[in-house]
1. Put +1 on the Cβ of every Lys and Arg and -1 on every Asp and Glu Cβ in the chain; which of His60, Leu166, Pro179 then has its Cα farthest towards the positive end of the dipole?
2. Given R₀ = 41 Å, FRET efficiency for Asp277-Ser196 by Cβ-Cβ distance, to 0.05?
3. In the chain, carbon and sulfur make up what percent of the accessible area (probe 1.4 Å)?
4. Measuring with a 1.4 Å probe in the full set of protein chains, what accessible area per residue, in whole Å², belongs to the stretch 44-156?
5. Can you say what percent of the DSSP beta bridges in the chain, counting only those with both residues inside, are antiparallel? Round to 5.
6. In nm, to one decimal, how far is the modelled label at Ile79 from the one at Leu178, with both set 7 Å along Cα→Cβ?
7. At 222 nm, what value in deg cm²/dmol follows for the chain if DSSP H runs of at least 4 each add -39500 (n - 2.57) and the sum is divided by all its residues, to the nearest 500?
8. Can you say what percent of the DSSP beta bridges in the stretch 176-315, counting only those with both residues inside, are antiparallel? Round to 5.
Amino acid sequence: MLPSVWWACGLWIATTYVIAADFLPNLLLILVNSSGYLPYSDRPGPGWQRPHLPTGAELHFFAGFASVLLGGTAFYGLIFATAGLVLGFCALPRWGLRVLAAPTAFLASGLMMAAAGWMIAISSMGVYTAAGCGALWGLFLFPVLVPRMSYSLPGAVRIALPIAMLIGGTFWLVKPMLPDPGLTNGKIEIIRQYPSGVTLSQVDLSYLGPSIAREASGSGKYVSVNRMEFTTDGRNQVRVLLIVDDDRPIAHVFLLPRSGDAIYRQRQGKWKEERADARNSKLSLELSSLVSDGISLELKGPCCSSMAQTFSPYH
């Protein structure tokens, strides 16, 4: 008996998705576990064991894991319910609804199981079980539950809207697994004016590379006081020179560019950007306080596979 009003259709879409992506996979995992295959655990790891009837402790364990999944699957269920109500105005045939729902439900259910499954070291079989249940829900239940609205959108919109929803939904699900173009590797050096230093043209900036040395300019005598290098999983490379012309450095937060050269100068109590070759990355650099003869730096943002900071004199 299918619901006849739109809000009931939306409620059934969300509810059946939670059942398909949460409770049904956990029920199947209980059966698989009882048949003799351990579908989770890092010690001893997934593998075969003796078949047995599920114990009370095992049922309690899987019920607890299902409760962990409940919040995420309910969130995705509401998204599918909203999408179903929108698609009700497009008057799509059921095969069109299957094309839209099956792959996105496959991805959503599998990724949700993988995201929560790290807590119990879920095996790949558990992830694909949840993904398969989601795909079957998208193939058979979702098309039936999408309501038929009394008003239909214009023909062009009825075609463009489902395509946009499919592309946007798939990209939103896959985006966390794509390489992050904003990740940056960096080399940073700070120089400051010092009476016993050397002219800027004589300061050894080979650590940053010749391009920075050619671009840097200033009058007075300088010494290098601090260096930092960090690496991420990205391919971008940025080289940053901080020049302090005042007697005392001022705390500041620098939004680092994604790549290329960047030069910042502190003069008359203010920091100014003199050069930046690219738009900002997701990393920022906080200059905070004096440490011995150097200046304390702290990196903020998605970092790092390695990071090192050294103070002069360098070896």
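The values are calculated or read from the model by the stated rules, or taken from the named source; none is laboratory data. Just so we're clear, the structure is a prediction, and the values are computed from it rather than from any experiment. As a convention, Cβ positions derive from the backbone with ideal geometry for all residues, glycine included, and neighbour counts pool all protein chains shown. The area values use the complete protein model at the heavy-atom level, side chains included, leaving out ligands, DNA and RNA. Shrake-Rupley method; radii C 1.70, N 1.55, O 1.52, S 1.80 Å.
1. Leu166
2. Calculated value: 0.80.
3. For the chain, the apolar C and S fraction of the accessible surface comes to 63 percent.
4. 50
5. Of all bridge pairs located within the chain, approximately 70 percent are antiparallel.
6. In this crude label model, Ile79 to Leu178 measures out at 1.4 nm.
7. Here the helix-only value at 222 nm equals -13000 deg cm²/dmol.
8. Around 65 percent antiparallel, to the nearest 5.
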